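Each remark here refers to the structure printed beneath this line.
The values are calculated or read from the model by the stated rules, or taken from the named source; none is laboratory data. The model shown is predicted, which means the values in this text are computed figures rather than measured ones. So basically every Cβ, Gly included, is an ideal-geometry build from the backbone, and we count neighbours across all protein chains shown. For accessibility, only protein heavy atoms count, side chains too; no ligands or nucleic acids. Shrake-Rupley method; radii C 1.70, N 1.55, O 1.52, S 1.80 Å.
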Amino acid sequence: MLGNNSLMIILAVISVIIWNVSFFYRSRYMLHMMQLEGYLNESYLRWIKEFQYKVFSFKINIPMIVAVIFALITLITGQPLLNLSNIVIWSILTILSTNFKKENVKKDLVYTKRAQRLLASMYAVNFLILIISVIIYSLLAKYFFESYAILLLIGTILYYFAPYTLCLANILVKPIEEAINKHYYDMARDKVRSFENLKIVGITGSYGKTSAKFITAKILEEKFNVLKTPESYNTPMGVSKVINNTLNDEYNAFVVEMGARNIGEIKEMADLAGPKIGVITSIGPTHLETFINIDNIMKTKYELIEALPPDGIAIFNYDNQYLKKLADKTFKEKILYGTENTEFLDIYATNIEVSELGSTFILNDKNGNSIKCETKLLGSHNIGNLLAGACIGVALGLTFEEIARGIKKVEPVPHRLQLINPGTGVIIIDDAFNSNPVSSKAALDVISQFKEGRKIIVTPGMVELGQEEEEANRQFGRYVGDTCDFVILVGKNRTKPIYEGIFEKDFNKNNVFVVSSLNEATAVLQKIVRPKDVVLFENDLPDTYNE
């Protein structure tokens with residue numbers, strides 16, 4: 001027979017194991033969300049606030065409340081039998097509160113070295129608190145297991161509030177991360193400057209910059225050996241990685257996409273890459289949660305132009321009302337492009353014809369030169385992105401013939417109005433990478449050009465539009481109501497403004513489906529779709545937006 005003391009030791013060990021297992025599962029989920037939020041505490045805390053019902057769900061709240069109540073009763077009564085029972089009950093409740101099931105996610109947690117350092121830091125913070133608690137407890141208690149419920153209470157608190165201790169851990173490792181980042185940033189900056197004849201182009205904009213980057217690279221390949229930053233690598237660390245690992249003397253042109261969510265970030269990118277040509281494709285209401293207003297976005301994007309050397313060339317989309325103001329105040333050499341007010345433009349498009357298979361247009365310059373261009377890219381908005389690439393080509397000495405040849409070779413950028421024929425008779429338009437008021441309207445314009453089949457849209461709506469988000473989504477819903485025959489909305493709460501906008505257009509209620517996930521949306525789609533239908537996937541949000 002085991003004595004009470006031996007039984008307490010066994011139960012205590014079991015409780016420690018259970019705490020570690022449950023803490024790991026909770027920490028792993030929160031680390032995943034922190035990684036998706038770019039390791040930014042501000043963004044991560046904003047996510048916790050929005051999705052509090054997931055972080056502190058019924059599944060964890062009820063067991064933890066019961067555990068705390070039972071622990072307090074145990075401490076107040078001081079009954080040895082209750083002490084034993086408390087450990088058993090606490091262990092069962094903690095297991096019940098743990099979410100062992102792996103969520104169905106689009107992008108798994110990646111245990112990068114940074115993620116490993118953060119997880120280690122988080123464990124260090126919590127173990128330090130536990131060790132200090134145990135030491136203090138040992139000094140005060142006559143018998144170690146006399147009030148073991150106190151330690152269980154502390155363990156419960158640490159487990160429950162793990163989402164916030166992750167923030168504390170992130171603050172603690174910040175100096176280490178900054179030192180590591182600076183090392184790679186400095187290495188990349190020195191390396192890129194060692195290539196004296198390298199043609200470096202910086203491209204930024206609220207939207208269109210990734211497409212313009214792919215287009216520019218394809219056009220410049222008519223004359224140069226081009227390296228472009230891959231996919232959506234548009235942060236200092238992403239670009240540093242490309243420079244350090246891939247750039248070499250075989251390349252004579254380097255096209256760099258530059259993204260930003262805060263003032264100063266484009267300057268940091270420009271200081272890193274050192275472009276001689278800077279392009280701003282557009283300015284609009286994106287990332288307003290951090291930029292707050294359009295003026296801050298204008299200021300940030302213009303940092304690229306300010307960073308150009310005295311003999312640098314600034315290229316502006318003069319159709320954009322905000323860029324027109326920035327271009328007019330620029331005294332550096334500049335190239336203006338667009339499709340409106342062509343008398344003020346250096347490069348412009350006329351005779352634009354857009355179809356469901358692509359577009360044709362005449363490329364002109366202010367000197368009277370012109371050439372017909374063909375493209376497989378869908379949507380009239382892509383004409384502007386092609387013009388940006390043409391301007392860069394002109395700045396680097398390409399002829400109109402070379403530019404037109406490059407434009408014809410440009411393939412649709414993955415997940416950006418990408419036309420897919422899966423061989424089932426159904427046409428898919430994949431515009432899932434991102435969405436904003438301009439691109440979403442352009443996508444609907446594209447789908448409306450298809451003469452046959454029913455139009456079906458699958459969308460979670462647009463995000464990061466700040467105070468304009470609700471109205472932008474409502475307007476998007478109105479456009480959808482005018483254009484589509486069936487609508488599948490992903491996320492009941494997030495898509496409410498779209499839902500309201502759709503029914504301002506007297507839409508058939510039976511043709512609108514609201515689901516919780518992309519998997520559910522796919523299941524609904526399979527039930528309603530038939531040959532010749534056109535399905536538009538407009539935007540796909542990261543896992544942090546799962547409702």
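Remarks
- Criterion violated by Met30 - all others in (1) within 30 Å of Glu289 (Cβ to Cβ); (2) open to solvent by 30 Å² or more (accessible area, probe 1.4 Å) satisfied: (2)
- Of all the listed residues (Lys142, Lys174), the sole one being open to solvent by 80 Å² or more (accessible area, probe 1.4 Å), out of contact with any His (no Cβ under 9 Å at 6 or more places or on another chain) and not in a helix (DSSP H, G or I) is Lys142.
- Residue in region 425-439 that is under 13 Å from Leu357 (Cα atoms) and open to solvent by 10 Å² or more (accessible area, probe 1.4 Å) present: yes
- Scanning region 416-431 for residues that are under 17 Å from the mean Cα position of the chain (by Cα) and modelled with pLDDT under 85 yields a count of 1.
- Residue under evaluation Gln475, criteria (1) open to solvent by less than 50 Å² (accessible area, probe 1.4 Å); (2) modelled with pLDDT of 90 or more; (3) of a type in the set (S, T, N, Q), criterion not met: (1)
- Filtering Lys325, Lys329 for residues that are more than 24 Å from His381 (Cβ to Cβ) and open to solvent by 10 Å² or more (accessible area, probe 1.4 Å) leaves a single hit, Lys329.
Table: residues versus (1) modelled with pLDDT under 95; (2) open to solvent by less than 40 Å² (accessible area, probe 1.4 Å); (3) in a loop (DSSP other than H, G, I, E, B).
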position	(1), (2), (3)
Thr286	yes, yes, yes
Tyr302	no, yes, no
Ile335	no, yes, no
Val354	yes, no, no
Asn367	yes, no, yes
Cys373	no, yes, no
Leu386	no, yes, no
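- Residues of region 145-171 satisfying the condition of being part of a loop (DSSP other than H, G, I, E, B) and under 23 Å from Asn61 (Cα atoms): Phe161
- Summed over region 92-115, residues that are within 15 Å of Tyr25 (Cβ to Cβ) and among the small types (Gly, Ala, Ser) total 1.
- Candidate set from region 263-278 (those that are open to solvent by 40 Å² or more (accessible area, probe 1.4 Å) and closer than 16 Å to Leu198 by Cα); member that is farthest from the chain's Cα centre (by Cα): Lys276
- Residues satisfying the stated conditions in region 76-105, i.e. touching a residue at least 40 places away in the same chain (Cβ under 8 Å) and surrounded by 18 or more Cβ atoms within 10 Å (Cβ to Cβ): Asn83, Asn86, Ile87, Trp90, Ser91, Thr94, Ser97, Thr98
- Within region 501-521, being open to solvent by 70 Å² or more (accessible area, probe 1.4 Å) and assigned to a helix (DSSP H, G or I) holds for Lys509, Asn510, Asn519, Glu520.
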